[in-house]
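Contents: one structure, followed by commentary.
Values quoted throughout were computed directly from the atomic coordinates according to the rules given, and no laboratory measurement underlies them. Predicted, not measured: the structure shown is a model, and the values here were computed from it. Here the Cβ positions follow ideal geometry from the backbone for every residue, glycine too, while neighbour counts run over all protein chains shown.
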2 protein chains.
Amino acid sequence: MSSVASRRRDFTARYLVESFEPIEKAAEVIAGEQSSGTFLQLPGETADLKQRSRARVVSVELLEDRATPSLPNAFADRKGTTGPYHRGIVEVSFPIDNVGPNLPNLYATIAGNLFELGDVTGLRVLDLDLPDEYTAQFPGPAFGADGTRSVTQVYGRPVIGTIIKPSIGLSPEDTAALVDTLCAADIDFIKDDELMGNPPYAPLEARVKAVMKVVNRHADRMGRKVMVAFNISDDIDAMRRHHDLVVREGGTCVMASVNWTGPAAITALRRHSEVPIHGHRNGFGMMNRDPALGLDFRVYQKLWRLAGIDQLHVNGLKSKFWEGDESVIASAKACMEPFAGSKPIMPVFSSGQTAAQPPATYAALQSTDLMFLAGGGIIGHPSGPKAGVQSLVEAWQAAVEGVDLTEYAHSRPALREALAAFGGRGRG
Amino acid sequence: MSSVASRRRDFTARYLVESFEPIEKAAEVIAGEQSSGTFLQLPGETADLKQRSRARVVSVELLEDRATPSLPNAFADRKGTTGPYHRGIVEVSFPIDNVGPNLPNLYATIAGNLFELGDVTGLRVLDLDLPDEYTAQFPGPAFGADGTRSVTQVYGRPVIGTIIKPSIGLSPEDTAALVDTLCAADIDFIKDDELMGNPPYAPLEARVKAVMKVVNRHADRMGRKVMVAFNISDDIDAMRRHHDLVVREGGTCVMASVNWTGPAAITALRRHSEVPIHGHRNGFGMMNRDPALGLDFRVYQKLWRLAGIDQLHVNGLKSKFWEGDESVIASAKACMEPFAGSKPIMPVFSSGQTAAQPPATYAALQSTDLMFLAGGGIIGHPSGPKAGVQSLVEAWQAAVEGVDLTEYAHSRPALREALAAFGGRGRG
């Protein structure tokens, strides 16, 4: 049995746990539920099997109790539980051999039914640590941050981009005309809205052809090609066809709504794709906004990096979304960190971003390895989209050089106008 | 323009909305965000486009205000919002042509970034109504409840099943031995635990072969074949290979963790599969347990029916999970209802189920079109698994015949022992 134990290799997950039980006890329930099973000693559960397969509680760090439960719990109500509700950070160690190189099963193991447990009134997966030799079995990002730079040929500043607006309703020709304007504005990156897929009034094929014709033409002029993230979200066979269409027309990026296509499809897309994958996280709020439930972005981005995306949304500072600035910065830093041998990816800042946010963003990150998307901040610029793009480039220059934004704007009309128009406030 | 309007066909989604703004205003933000876009009048957003693409608020039903917000909101904090927090049920109508027959895009449209909005402090998708001619474009369940009955040849009572335990760690031979015992107990259905996939110590191929050899042998004796739901969750190409293996060995069901494989993969699996798809919802708690966030099961099961699953987990009465009995019953009823031309599917009751729960379950549902899974309730029966299965069959007979369970047990030792052993309490 010691030979089994010595061969056992583990990975660990970290949880926020809230329970009416002592946290140590809740932690053991979690470890049991997510490995060999119930508390019952079952016929087939030998000591050897337990040694090989049972998850183990590595550490428990107690936090302050709460008087009221964070989440509803009919199981506890039936027991007449009144509290207090204990809280703690629990680290659990799982045998790698329980899972194998299988992303859906990794999710089922670290999360699975845990959110449903009657033993807890709060459960959030905070982090995941995987050994390099295990992550090496997953595809991982093919391009990542560095590859996104090589493909766009944008260096020394963020990749500056925008979202095609209106979000939905434009014909292929209208879309191409807008892309023409944006390419003429020397933009780096353009993306579909997540609502825009393959609708009857603007089929993807017609849209890709019309848009890429414009983009390819500007590439001759610019000496680099504007990266367009076409939303190819669909069933996986259609996604592969859509990808092939994009590549055939000279496109350099595909986008997918990661939550709504899913890990099994994104992994397959990654193995097929010849271009960077832009990961749109719409829907993430449902699994993240309650601080006592779901998945922290830190673990979320690791799981999507295993699947192989190259770019992932993180919201932006002072955006129109609920998320606070510290949380946005923590998300971006997580994307930029190495993770078990997998390439850093590009965090994508968006929602209400204008020339006003770069200084605070850079001050917090000390890096420009990111994508910075502005909708109104580019297209709503008083002097038009070219000045909009220019204002963002200048705002990032000021940020990197450590010069006060208003001072930097004195001799730069595009930036000056942007600050006057958008002020300190963000804009959609 | 009236011709455009007359051609516009819509579907509707219903939301619980909580906001510091009047609900009518928050409703308009939602309709805008999820269709033509921002509040800004953009260059390309013509009146015709708006008429064709803009989502519309159909109705707003006000609920009681709350003094405190359900969800955190840094956006509101920056504005110094103090409440009250208004609540309402909002119905929004979307043009079908915004989406097309594309499941990931349907998710992005009805949910998407809504959970992230700074305008709300609560957002839950409650329901979705789709016209028949739209749902007809999605695969839908190939088997559903009726097909599950034809394949298992179980009529007039629930399909009775169990989960292989220990959840993880058994070798293919150990698993086959356990399946042999369960088949000898005349069970209808056996499923893998969601943690069990294709691990190095028990590769799926070896496990399927060993298990199906046993199942096929018992089928000769029983005149029907025990349905085994093998967990084939993996990347989609592997899932199709796993499916083919299961079918080649005579298997009649495949199982997938729907949240961790995802809509794009399940749709593709459905188009490929020759057997019913057992949908495991592990992870659903993260998008459902906070009552002010995420997806109600009612809409969740509709979306998975569009993808094409045939069976879906709903927990069980008095289970070890957090969910209350009313919610479980509502979930089961939702699966049993027709939905826009798509077949009813089988709700799967599990977690702590024993012979004690059938009367209350049947009283609430007035139907046996369900799967009823017990772990300890079968394998932990004092007289062994055969008596365990028998006790469940008898408990369902009592429920359907409207006879008191204890009275029914007088002349039935398997049921009597089960009630004595498990009492009114459920058991893992």
Q) Across the range A:110-126, in residue order, what do the Karplus-derived ³J(HN,Hα) couplings come to in whole Hz, using 6.51 cos²θ - 1.76 cosθ + 1.60 with θ = phi - 60° and x for Gly and Pro? A) 7, 10, x, 7, 4, 5, 8, 4, x, 6, 10, 10, x, 7, 9, 7, 8
(Q) Within a 10 angstrom radius of the beta carbon, how do B:208, A:29, A:58 rank from fewest other beta carbons to most? (A) A:58, A:29, B:208
Q: Give the distance, in whole Å, between the Cα centre of the range A:377-408 and the Cα centre of the range A:265-285.
A: 30
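Once you average over the residues of A:266-272, how many Cβ atoms of partner chains fall within 10 Å of each Cβ? Could you put the intermediate results ahead of the total?
Working: counts 5, 8, 10, 3, 1, 2, 1.
Shielding by partners across A:266-272 averages 4.
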Q) Hey, rough spin-label estimate for residue A:220 and residue A:136, points 7 angstrom out along Cα→Cβ, what's it come to in nanometres? A) 4.7
Q: Pick out which of A:144, A:251, A:118 has the largest mean-square fluctuation in a Gaussian network model of chain A, springs linking Cα atoms closer than 10 Å.
A: A:118
Q | Whole-Hz ³J(HN,Hα) from phi, Karplus 6.51 cos²θ - 1.76 cosθ + 1.60, for the range A:207-216, glycine and proline x | A | 5, 4, 5, 5, 5, 5, 4, 5, 5, 5
Q | Spatially proximal lysines relative to residue B:25 (Cα-Cα < 27 Å; intrachain offsets below 8 disregarded) | A | A:165, A:318, A:320, B:50, B:79
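Using the count of nearby Cβ atoms within 10 Å as a rough guide to exposure, how do A:18, A:274 rank from fewest to most?
On the way: A:18 24, A:274 12.
Going from sparsest to densest Cβ surroundings: A:274, A:18.
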Q | Dipole of the range B:144-422, positive direction: furthest Cα of B:348, B:332, B:145, with charges on the beta-carbon | A | B:145
Q: Using the charge dipole of chain B (Lys, Arg: +1 at Cβ; Asp, Glu: -1 at Cβ; taken about the Cα centre), state which of B:49, B:410, B:219 has its Cα farthest towards the positive end.
A: B:219
Q. What nm distances, shortest first, do you get from the label point of residue B:171 to those in the other copies when the point sits 7 angstrom along Cα to Cβ?
A. 6.9
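Which order do peptides B:373-380, B:404-411, A:181-188, B:336-343 fall in by mean Cβ count within 10 Å, highest first?
B:373-380, A:181-188, B:336-343, B:404-411
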Q. For the pair residue B:209 and residue B:337, what calculated FRET efficiency results from E = 1/(1 + (r/R0)^6), where r is the Cβ-Cβ distance and R0 = 60 Å, to the nearest 0.05?
A. 0.95
Q: Determine the distance separating the Cα centre of the range B:60-119 from the Cα centre of the range B:202-262; give it in Å without decimals.
A: 41
Q) Between residue B:77 and residue A:237, what is the spin-label point distance in nm, taking each point 7 Å from the Cα along the Cα→C-beta axis? A) 4.9
Q) If amide H atoms are built 1.01 Å from N in the plane of the peptide, which residues on other chains or at least 5 residues away come under 5 Å of the amide H of residue A:228? A) A:190, A:252, A:253
**Q.** Average silhouette area of the range B:3-135, convex hull of alpha-carbon atoms, in square nanometres
**A.** 8.7
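Fully extended, how many nm does the chain gain between residue A:59 and residue A:146 (0.36 nm per residue separation, minus their Cα-Cα distance)? Each step should come with its number before you reach the end.
Numbers: separation 87, 0.36 × 87 = 31.32 nm, distance 3.64 nm.
Taking residue A:59 through residue A:146 to full extension adds about 27.7 nm, to one decimal.
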Q. If you count, for every residue in A:168-177, the Cβ atoms of partner chains within 10 Å of its Cβ, what is the mean?
A. 5
Q. Rounded to two decimals, what ratio of Rg to Rh does the protein assembly as shown give with C-alpha atoms and a Kirkwood Rh?
A. 0.98
Q) From the label point of residue B:200, set 7 Å from Cα along Cα→Cβ, how far away are the matching label points in the other copies, in nm, ordered shortest to longest? A) 5.3
Q: Counting helices only, and only those DSSP H runs with n ≥ 4, report the 222 nm mean residue ellipticity of chain A as the sum of -39,500 (n - 2.57) divided by its residues, in deg cm²/dmol to the nearest 500.
A: -12000 deg cm²/dmol
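Give the order of B:346, B:287 when sorted by the count of other beta carbons within 10 angstrom, beginning with the fewest.
On the way: B:346 31, B:287 27.
In increasing order of surrounding Cβ atoms, one gets B:287, B:346.
If you take each beta carbon of peptide B:277-287 and count the beta carbons of other chains within 10 angstrom, what is the mean?
Across the residues of B:277-287, the mean count of other-chain Cβ atoms within 10 Å is 6.
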Q) Got a sec to turn the phi values of the range A:335-347 into Karplus ³J(HN,Hα) couplings, 6.51 cos²θ - 1.76 cosθ + 1.60 with θ = phi - 60°, whole Hz, x for Gly and Pro? A) 5, 7, 6, x, 9, 6, x, 9, 4, x, 10, 8, x
Q: State to the nearest 20 debye the size of the charge dipole of the range B:144-422 about its Cα centre, where the only charges are +1 on K and R beta carbons and -1 on D and E beta carbons.
A: 360
Q: Find, among the residues of chain B, the one whose Cβ sits nearest the axis of the rotation taking B to A; state the distance in whole Å.
A: B:262, 1
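How big is the Kirkwood radius of chain A, worked out from every pair of different alpha carbons and given in Å to one decimal? The partial results should precede the final answer.
Details: mean 1/r = 0.0430 Å⁻¹.
Final number for the Kirkwood radius of chain A is 23.3 Å.
Only four residue types carry charge here, +1 at the Cβ of Lys and Arg and -1 at the Cβ of Asp and Glu. Report the dipole size of the protein assembly as shown about the Cα centre in Debye, rounded to the nearest 20.
Values: 88 positive and 100 negative charges, 207 e Å.
Its charge dipole is roughly 1000 debye.
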